[in-house]
Amino acid sequence: MSYRIKIPPKSIPLDEAHLGTWGDRLLQGLEDNRRAVLAGGGVIIAAVGIVGGILWYDGQRTEAASHLLQRATSLSLARVPDKPKETEENVKQAVALYRQLVEAYPRTPFAAIGLYNLGNLLTQQNDLPGAIEAYQKALVAYAGNPMMAGLIHQRLAYAYLVKGDRELAAKSFSAIVDIPGALNRDHALFELGKLEEAQSRPEGALAHYQELMKTYPDSPLASEAGVRLKVLDVKKSSGAGSPQGNSSPSASSQPAKDSSSSSSK
């Protein structure tokens, strides 16, 4: 039996294009496209610089807005019982700082808080048009936040009541009822019932009180709504007519107890 001797194949010489390593070829490619590489790198560096500058600028503005909010809030809370003039001056300075905050830094997260607090202070100063304007802007700033939206609508409704505009007050209270996540819907239903009473509309008052007791039986206002329901039922059965004698128009302007009466919230 014969054996065949295997002869290794002769190596084929590589040309110059295959002699370089992968790194050599990459360097050669970069060298050949130097201008394009430099231009692309410049664009990237410029973009990073712009983004970094914007972030730094926003950070500076946010910090400045935070300081203004802190100063304004401290002044609004600096009430001196035996020095009314000093307290009044503190409130005026707080109002000025809140205005500066919302006008100079409207895109910061602190501007929305400033608008709400500004509305509260202006209400205390009986500047109802200014307070209403601040609350309306705060509603826009807090769009998507049902808890704050409900609270702002309530404050706005009370401002309308003090101003004597029951129709707009009722719209604001009704807006609270229509907000699924609002925490003060029981307050809104109670105030709507009081408004109906004050305007000699017992059927509407009954509907609001009944809804309050059914939907929020654990609310502290449910028991008071039950008392008012009994009074309305007695008046209705006795033919006494309008419940307005038991609930004067001025009473409808007295808001139910507000758990968040502090202007700093």
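Every number in this text was worked out from the coordinates using simple rules, so none of it is lab data. Fair warning: this is a prediction, and the values are worked out from it, not measured in the lab. Please note: Cβ atoms are built from the backbone with ideal geometry, for glycine as well, and neighbour counts cover all protein chains shown.
Brief remarks on what is shown
- Sorted peptide list for 84-94, 127-137, criterion being average Cβ within 10 angstrom, highest first: 127-137, 84-94
- The label point for K171 and the one for R107, both projected 7 Å from the Cα toward the Cβ, are 3.1 nm apart.
- Unsatisfied cross-links (Cα-Cα over 19 Å) in the set K194/K230; K171/K230; K171/K214: K171/K230; K171/K214
- Extension gain from S223 to R61, taking 0.36 nm per residue of separation minus the Cα-Cα distance: 53.5 nm
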